[in-house]
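Chemist: Right, I'll just put the structure down here and ask away after.
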Amino acid sequence: MTVELDEQTAVGLTAQARARNLTLVEYLRRLAIEEAQEHLGRITPEQRVAALRAWAESHKPVSHFVDDSRESIYEGRGE
């Protein structure tokens, strides 16, 4: 993903990132996540369901058995 910023905005965001001991990318990622979480609080339950269904439909089902039991996940780890 590429985000184009004017020079003044880039300098300001870079300074804010450095003040938090983060890279610019890390800082922008945190800002984006915070904004997304705030937005999720403002959408209706119906919109949230539609978004979840769209996300689920974007993943192709597998045609083979998948053993995702707790036992299989931790198998061989010395339990």
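The values are calculated or read from the model by the stated rules, or taken from the named source; none is laboratory data. It should be emphasised that the depicted structure is a prediction, and the values quoted were computed from it without experimental measurement. FYI the Cβ positions are ideal-geometry reconstructions off the backbone, even for glycines, and counts take in every protein chain you see. For accessibility, only protein heavy atoms count, side chains too; no ligands or nucleic acids. Shrake-Rupley method; radii C 1.70, N 1.55, O 1.52, S 1.80 Å.
Chemist: Using a basic spin-label model with each label point 7 Å from the Cα along Cα→Cβ, how many nm lie between Ala51 and His64?
Modeler: According to this spin-label approximation, the distance is 3.5 nm.
Chemist: Helix-derived [θ] at 222 nm for the chain: sum -39500 (n - 2.57) over DSSP H runs of at least 4, divide by residue count, nearest 500? Spell out each step's value before the answer.
Modeler: Values: 4 runs with 48 residues, N = 79.
Calculated at 222 nm, the ellipticity per residue is -19000 deg cm²/dmol.
Chemist: Kindly provide the Kirkwood hydrodynamic radius of the chain in Å, to one decimal, from all pairs of distinct alpha carbon atoms.
Modeler: Here the Kirkwood hydrodynamic radius works out to 17.1 Å.
Chemist: Kindly report the accessible area of the chain per residue (heavy atoms of protein chains, probe 1.4 Å, no ligands, DNA or RNA), in Å².
Modeler: Here the residues of the chain average 96 Å² of exposed surface.
Chemist: From the protein chains alone at 1.4 Å, what is the descending order of accessible area for Tyr74, Tyr27, largest first?
Modeler: Numbers: Tyr74 105, Tyr27 15 Å².
Largest accessible area first, the list is Tyr74, Tyr27.
Chemist: Calculate the FRET efficiency for Tyr74 and Ala10 from the Cβ-Cβ distance with a Förster distance of 35 Å, rounded to the nearest 0.05.
Modeler: Details: r = 46 Å, r/R0 = 1.30.
About 0.15, to the nearest 0.05.
Chemist: Let me ask something additional. Of all the accessible heavy-atom surface of the chain, with the other protein chains kept in place and a 1.4 Å probe, what percent is carbon and sulfur?
Modeler: Percent of accessible area from carbon and sulfur atoms in the chain: 54.
Chemist: What angle, in degrees between 0 and 90 and rounded to the nearest 10, separates the Cα long axis of helix 7-19 from the longest principal axis of the Cα atoms of the chain?
Modeler: 60
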